[in-house]
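To start, the structure itself, in structure tokens.
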Amino acid sequence: MRTTTQPLAVLKFAKTRHGAPVLSVTRRDGTVVWQKQSAFFPVHDLTHYAIETTLGLRQAFWGMMADGWEFGDFGTPWPRGPMPNLADAMLAEVSTGWFDNFGSSFDDDAEGAAELNAHLATYSAQHGLAPPRTVTADEFGRIRRLRDELAARWYALGPRESLELPFAVE
């Protein structure tokens with residue numbers, strides 16, 4: 001008999017009646033956290049989703065949110081203390097920032113992966129961190145395509161519509 005497991009969290013990207021973005025996270029335990037967002041953040045957060053689900057990063061942004069972190073826990077004074085897995089979190093955050101700026105510039109997945117990996121290595125060296133794992137050309141392409149699909153779905157939403165995504169990285 002096959003059983004289905006509830007995702008760690010369900011992410012709901014919604015637009016208010018005036019079109020303003022609102023994000024809610026419903027955790028497996030039923031708790032909900034939400035935030036009003038500026039126009040920049042939905043695609044940024046969808047990029048996090050594409051990266052973290054494609055690379056299986058359980059303890060990056062969405063995994064920590066699923067584990068009970070709040071939006072305000074990410075930043076000074078870091079009320080929750082250090083991130084449980086800095087390698088996952090750094091890989092996700094730095095990659096997301098890179099995709100925000102350059103991800104749409106690459107149609108060649110091998111070239112894009114090489115540029116992203118070079119950026120990650122430089123960032124790690126500048127901050128005294130161990131270099132993260134390499135993102136393959138296949139992974140880069142899957143991230144890029146998922147990010148583009150989710151961004152298109154987001155932009156196609158009208159007022160009072162939403163996009164729900166399961167976060168199920170275990």
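Quick one: which of L46, L23 is in contact with a strand residue (DSSP E or B) (Cβ under 9 Å, 6 or more places away or on another chain), modelled with pLDDT of 95 or more and over 14 Å from R153 (Cα atoms)?
Working: L46 fails: over 14 Å from R153 (Cα atoms).
After ruling out the rest, the residue left standing is L23.
If only residues of segment 14-60 that are exposed (fewer than 13 other Cβ atoms within 10 Å of the Cβ) and touching a residue at least 24 places away in the same chain (Cβ under 8 Å) are counted, the one that is nearest to E139 (Cα to Cα) is G56. Against the conditions (1) open to solvent by less than 30 Å² (accessible area, probe 1.4 Å); (2) in contact with a strand residue (DSSP E or B) (Cβ under 7 Å, 6 or more places away or on another chain), G63 satisfies every one except (2). Can you confirm whether segment 67-77 contains a residue that is more than 23 Å from T26 (Cβ to Cβ) and either open to solvent by 60 Å² or more (accessible area, probe 1.4 Å) or in contact with a helix residue (DSSP H, G or I) (Cβ under 9 Å, 6 or more places away or on another chain) (or both)? Within segment 67-77 (the criterion being more than 23 Å from T26 (Cβ to Cβ) and either open to solvent by 60 Å² or more (accessible area, probe 1.4 Å) or in contact with a helix residue (DSSP H, G or I) (Cβ under 9 Å, 6 or more places away or on another chain) (or both)), the answer is yes, since at least one residue qualifies. When the test is whether a residue is open to solvent by less than 30 Å² (accessible area, probe 1.4 Å), at pLDDT below 95, assigned to a helix (DSSP H, G or I) and closer than 24 Å to F74 by Cα, G97 does not pass it. Determine whether segment 34-53 contains at least one residue that is assigned to a strand (DSSP E or B) and either of a type in the set (V, I, T) or under 16 Å from the mean Cα position of the chain (by Cα) (or both). Yes. With respect to R80, is the statement that it is of a type in the set (K, R) and touching a residue at least 60 places away in the same chain (Cβ under 8 Å) true? So R80 does not fit the description; no. Screening H127 on (1) at pLDDT below 95; (2) within 18 Å of the chain's Cα centre (by Cα) shows it passes everything except condition (2). Across segment 143-168, the number of residues qualifying as free of Cβ contacts under 8 Å to residues at least 12 places away in the same chain and either among the small types (G, A, S) or crowded, with 18+ Cβ neighbours inside 10 Å (or both) comes to 2.
For segment 103-114, give me each residue that is farther than 16 Å from F40 by Cβ and touching a helix residue (DSSP H, G or I) at 6+ places or on another chain (Cβ under 7 Å). Reasoning before the result, please.
First pass over segment 103-114, keeping only residues farther than 16 Å from F40 by Cβ: 105-114.
F106, D109, A110, G112, A113 - these are the residues of segment 103-114 that are farther than 16 Å from F40 by Cβ and touching a helix residue (DSSP H, G or I) at 6+ places or on another chain (Cβ under 7 Å).
The values are calculated or read from the model by the stated rules, or taken from the named source; none is laboratory data. Note that the coordinates shown come from a computational prediction; the quantities given were computed from them, not determined experimentally. Glycine also receives a Cβ, built like all others from the backbone with ideal geometry; neighbour counts cover every protein chain displayed. Remember, those area values only see protein heavy atoms, side chains included, never the ligands or the DNA or RNA. Shrake-Rupley method; radii C 1.70, N 1.55, O 1.52, S 1.80 Å.
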